[in-house]
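Take a look at the structure set out below.
Just so you know, all these numbers are worked out from the coordinates, no wet-lab data involved. For clarity, every value in this text was computed on a predicted model and none was experimentally measured. Counting neighbours? That spans all protein chains shown, and the Cβs are built from the backbone with ideal geometry, glycine included.
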Amino acid sequence: MNNFFKGILVGAGIGLLVAPMRGEEFRKMLAQRFSELSNSMPQNEQLSQYTQQVSNTVSQSAGNLKDYAQQAVSTVKNSASNLSDIAQNAASTVKGSASNLGGIAQNAASTVKQSGQDVADTTKQAATSAKPNNTSTTNTKTTGPTSTNTGTSAPFPSAYPEYINPETKPNI
């Protein structure tokens, strides 16, 4: 705020100093002061060398900044491309895993179905063997259930092919 008031005072002072002059007098005064100022400046050769050095430094800095910006852009593009590839690989891996899980589920379902079929078959065999033999015409007494099982088949043949039922095992 203090600088604002100083600026107002300086502006008003310059306005009062300059206002009483006519335009032609003011232009002459400006030309005179400009020539005084240019005489107090260093020689043109020194000024042009300094200007050339500053210009070269600015050009080099601009070139370096442009190179850095291009490197940053290419790095970002490469990173984006890599991330895209990783995402696509992950998606295909998930799809493959889902497909594999579907196949495993189908295999498990068919195995369960087959095991259920085997249980049903074994149950039917056990029920049939537990019934008294009605086709017999003699009054022979049976000492136990007759079995059609040979003793070498398992209750679940497809699940355990090497199983031997100990109850129906032939006496050796």
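Full extension of the segment from residue 99 to residue 48, taken as 0.36 nm per residue of separation minus the current Cα-Cα distance, would add 10.8 nm. The calculated FRET efficiency for the pair residue 34 and residue 14, based on their C-beta separation and a Förster distance of 25 Å, comes to about 0.95. Under the simplified labelling scheme, the residue 59-residue 25 pair shows an inter-label distance of 4.9 nm, with each label point 7 Å from Cα along Cα→Cβ. Here the calculated FRET efficiency for residue 115 and residue 78, from their Cβ-Cβ distance with R0 = 41 Å, stands at 0.15, rounded to the nearest 0.05.
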